[in-house]
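For reference, the structure discussed in these notes is given below.
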Amino acid sequence: MTHPSLAAGPRRLIAWVLCGALAGLLALAVLPARAQAAGAWPQRPITLVVPFPPGGSADVVGRLIGKHLGERLGQPVVIDNRAGAGTILGASLVAKAPADGYTLLISSGSTFTVNPALRPNLPYDPVKSFDPLGIVARIPLILLANKSVPVNDVKGFVQAIKARPEQYAYASFGSGTTSQFTAEIVLHAVGAKLLHVPYKGSAPAMTDLIGGQVPFSVDTVTAALPQLKAGKVKAIAVTTARRASQLPDVPTFAEAGYPEVDADTWIMLVAPKGTPAPVRATLERTLAEILATPQAREALLAQGAEPRFAGAAESVAQIDKELPLMRAVARRANIQPD
């Protein structure tokens, strides 16, 4: 049987062929739009904002997570360091970004519980501005001592600072930082007060601790590891409920009779509030997969971080639990932002 188009002559045949080709092109053109509408995310590079300068523990963790995310999601993850104002600059940038999954924030508890405890008028809200996706690592803090200080354990520390409080002081890596908050939690637990000497970062605080300008400091295990291995400072105790994986011989304050001392800093990945549920689910699942790999876990441990994944619901609970505690510490110790 002859096709109607062939019977109608060559002109109609050409028109029929062109119409068919045009329909095919139109179908191809709408495929990306349909895919996007169906939630095929991501389709372009993702920006991961790190509100710290390059080289710090949070930056290193952020780059590690970004690399693994990019490999698993099939799109590059571009690190954008937006340091400034104690993470406020980077956090507010992400809080105002489109909630489409293409701008994410990875930051520490400073962003979500410490800053809100100190600053009532932040340009972001720790709860209302973000959708938590998961905690990727926890970083223990540690009480350190200069080598010449006649203190080697928690008992000796408490005895010394109670006997002669005017003789001792502690360094932190900044006013209103997790370092100062943790130190004040320790001092409240042991029933003592010490002069606080804030520094502009961990490096200068560590330099003065080694040099004997300050007798004690509270710092992250990440910063302390190289100096402890070199024998330049002494470890008194870690401030977490369990011992740090990297320092298995260093006891906790809980072991010395102060179970209320349980403080660390944690690194959390969040998206702007209102990010589509399928995107959030993909990111949470991918984070869990990353943290289950030996490569990622070993890399985090090498940085002094504990690779302990917590999902979105646990991350929300962490903020809800910790924020009122940090506010109480700030009021009690009269902690002021830098």
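The values are calculated or read from the model by the stated rules, or taken from the named source; none is laboratory data. On a predicted model such as this, the values are computed, not experimentally measured, just so you know. Note that each Cβ is placed from the backbone with ideal geometry, even for glycine, and that neighbours are counted across all protein chains shown. For the accessible areas, the whole protein counts, side chains as well, though only heavy atoms, and no ligand, DNA or RNA atoms are used. Shrake-Rupley method; radii C 1.70, N 1.55, O 1.52, S 1.80 Å.
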- Tell me the label-point distance for the pair Asp125, Glu71, using the 7 Å Cα-to-Cβ offset, in nm and rounded to one decimal. 3.9 nm
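If we sort 262-269, 153-160, 239-246, 169-176 on the protection proxy, mean other Cβ atoms within 10 Å, highest first, what's the order?
The peptides rank, most packed first, as 262-269, 169-176, 239-246, 153-160.
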- Accessible surface, the chain, averaged per residue in Å² (probe 1.4 Å): 47 Å²
- Task: Would you kindly state how much longer the chain becomes between Lys229 and Glu314 on full extension, computed as 0.36 nm times their sequence separation minus their alpha carbon distance, in nm to one decimal?
- Result: 27.2 nm
- The farthest towards the positive end of the charge dipole of the stretch 79-220, of the residues Gly174, Gly201, Phe157, given +1 on Cβ of Lys and Arg and -1 on Cβ of Asp and Glu, is Phe157
- Message: Going Cα to Cα from Lys147, which aspartates and glutamates come in below 19 Å? Please leave out same-chain ones fewer than 8 positions away.
- Response: Asp208, Asp219, Asp249
- Task: Rank these residues by their accessible area, most exposed first, probe 1.4 Å: Glu255, Glu166.
- Result: Glu166, Glu255
- What's the center-to-center distance, using Cα atoms, between the stretch 264-329 and the stretch 42-87 in Å? 14 Å
- Message: Let me cross-check Leu122: its accessible surface, 1.4 Å probe, with only protein heavy atoms counted, in Å² to the nearest 10?
- Response: 30 Å²
- Expressed as a whole percentage, what fraction of the accessible surface of the chain belongs to carbon and sulfur atoms when a 1.4 Å probe is rolled over the protein heavy atoms? 58 percent
- Task: Could you state how much accessible area Thr252 has, in square angstrom rounded to the nearest 10, with a 1.4 Å probe and all protein chains kept in place?
- Result: 0 Å²
- Message: Below 8 Å between Cα atoms, with a sequence gap of 6+, how large is the relative contact order for the chain in percent?
- Response: 24 percent
- Rounded to the nearest 0.05, what FRET efficiency is calculated for Leu89 and Gln159 with R0 set to 41 Å and r the Cβ-Cβ distance? 0.40
- Query: What's log10 of I(q)/I(0) for the chain at q = 0.12 Å⁻¹, Debye sum over Cα points only, no solvent?
  - Reply: -0.84
- Message: Is there a quick way to get the dipole size of the chain? I mean about its Cα centre, with the Cβ of Lys and Arg at +1 and of Asp and Glu at -1; what is the value in debye to the nearest 20?
- Response: 560 debye
- Please report the relative contact order for the stretch 180-338, taking Cα pairs under 8 Å with a sequence separation of at least 6, and give it as a percent rounded to a whole number. 21 percent
